[in-house]
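> Mind having a look at this structure? Questions to follow.
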């Protein structure tokens, strides 16, 4: 498994996240735009994620809720500005308990050698205070654990694809 790099330079309104993955870009991208896949990896393991809606296309939108083991709920929503499969997603992100604090998220998906890929995410906040509040919310741990869960999902999906190929070869 690869490391997740999270950079938040003092006094800047952005958070930069990078993660290399041992899986092809197309598959990694698919896991970022389909709710049935996203619920399997987004955020910490102790939170259950459900989507109210997700339409990953320009002008589309999403809304999801995460529930903790004690019943606490945290809901988020946003709008897709650009979606270019399999290389780019630009959308907004807003935590519903702090309305009017919207961040702009740009994610790029790069194909690397040996069917590997890299995801880069820039989260641009309206203020340094908004950015710092996100960091203070436990976001780092949630991002890292989410990417670990994404690795597990990608391995499972890859194994299922290999199994289908093997079955097809024996028919």
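> Take every Cα pair under 8 Å in the chain that's 6+ residues apart, average their separations, divide by the length, and report that relative contact order as a whole percent. The partial results should precede the final answer.
Working: 331 pairs, mean separation 42.8, N = 171.
Across the chain, relative contact order equals 25 percent.
> Could you give the length gained on full extension between residue 100 and residue 124, defined as 0.36 nm per residue of separation minus the Cα-Cα distance, in nm?
Values: separation 24, 0.36 × 24 = 8.64 nm, distance 1.40 nm.
Between residue 100 and residue 124, full extension yields an extra 7.2 nm.
> Follow-up. Test of understanding: extend the Cα→C-beta vector of residue 26 to 7 Å, then name every residue of the range 144-164 with backbone N under 20 Å from that spot.
151, 153-164
> Quote to one decimal, in nm, the extra length available between residue 45 and residue 148 on full extension: 0.36 nm per residue of separation minus the C-alpha distance between them. The partial results should precede the final answer.
Details: separation 103, 0.36 × 103 = 37.08 nm, distance 0.98 nm.
Extra length available between residue 45 and residue 148 comes to 36.1 nm.
> Output the 0 to 90 degree angle, nearest 10, between the alpha-carbon long axis of helix 139-169 and the longest principal axis computed from the alpha carbons of the chain.
In the chain, helix 139-169 runs at an angle near 20 degrees to the longest axis.
> Next up: Give me the number: length gained by fully extending residue 137 to residue 10, i.e. 0.36 nm times residue separation minus the C-alpha to C-alpha distance, one decimal in nm.
Numbers: separation 127, 0.36 × 127 = 45.72 nm, distance 1.68 nm.
Computed gain between residue 137 and residue 10 is 44.0 nm.
Laboratory data are not the source of any read-out in this text; all were calculated from the coordinates shown. If you're wondering where the values come from, they're calculated on a predicted model, not measured in any experiment. Heads up, the Cβs are rebuilt from the backbone with ideal geometry, glycines too, and the neighbour counts pull from every protein chain shown.
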